[in-house]
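Taking it in order: structure first as structure tokens, then the write-up.
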Amino acid sequence: MNMWFWFGNNLGNFLLPKYNVITTSSFFCTCLGLFALAILYEGMKILQIKLHQSTSTHIQNQSPTISENSCLLSKISSRSIRKHVSLHCIQWSTWSFQVFHWFVHTFLGYLLMLAIMTYNVYINIAIVLGGGLGYWIFGLKLIELNVERFFEKRTLLDCDKECADNIVHCQGDELTVSVIAEQFVTEATVEVHMPKDA
């Protein structure tokens with residue numbers, strides 16, 4: 001195995017013991033396949049974010065919402081149990097698919113890394129060009145999804161501040177809750193100053 005960049009099309013056994021790359025046509029097909037895998041690797045990043053968003057949405061939708069006047073025991077029925085089980089199955093299948101996608105994406109990344117480590121110039125060029133083309137195709141959507149996630153988190157933080165302000169203005173038995181909420185907001189905005197003479 002070479003530890004420096006080299007030109008040539010005779011790779012011998014490539015990644016698998018019985019996959020021999022010794023002819024020009026097999027070398028060209030290998031480069032083309034690695035080019036396609038690099039594009040696929042970039043495209044799978046978008047699917048990973050969308051799967052994460054759908055899993056988060058399922059978890060948020062399944063979180064229990066109980067009003068002040070409702071009793072847990074009065075809400076139990078065979079219909080609600082069936083609905084809970086079906087939602088749990090949907091969440092489980094979504095999570096399983098997300099784990100499977102992560103496994104395939106990670107395996108593909110390591111496979112491309114091992115191909116790069118052959119130090120063959122043509123293999124490296126094929127993978128870099130494939131990754132560049134994949135980023136050109138999917139990069140804008142990836143940036144858009146990341147910006148959406150950023151603004152969703154920012155909106156949640158702003159909502160927390162507004163909700164804390166609303167809690168402070170409540171009266172009656174909720175006064176202790178408002179004091180605790182105000183304390184959390186105060187603790188979240190405190191700056192820590194350390195002396196530099198250490």
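The values are calculated or read from the model by the stated rules, or taken from the named source; none is laboratory data. Fair warning: this is a prediction, and the values are worked out from it, not measured in the lab. Here Cβ is always computed from backbone atoms with ideal geometry, including for glycine, and neighbour counts include all displayed protein chains. Keep in mind that these areas ignore ligands, DNA and RNA; they rest on the heavy atoms of the full protein, side chains included. Shrake-Rupley method; radii C 1.70, N 1.55, O 1.52, S 1.80 Å.
Figures for the structure shown
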quantity: Ranked by how many other beta carbons lie within 10 Å on average, peptides 13-20, 138-145 from highest; calculated: 138-145, 13-20
quantity: Peptides ranked, highest mean first, by Cβ atoms within 10 Å: ranges 125-136, 33-44; calculated: 33-44, 125-136
quantity: Accessible area (Å², 1.4 Å probe, nearest 10) - Lys153; calculated: 130
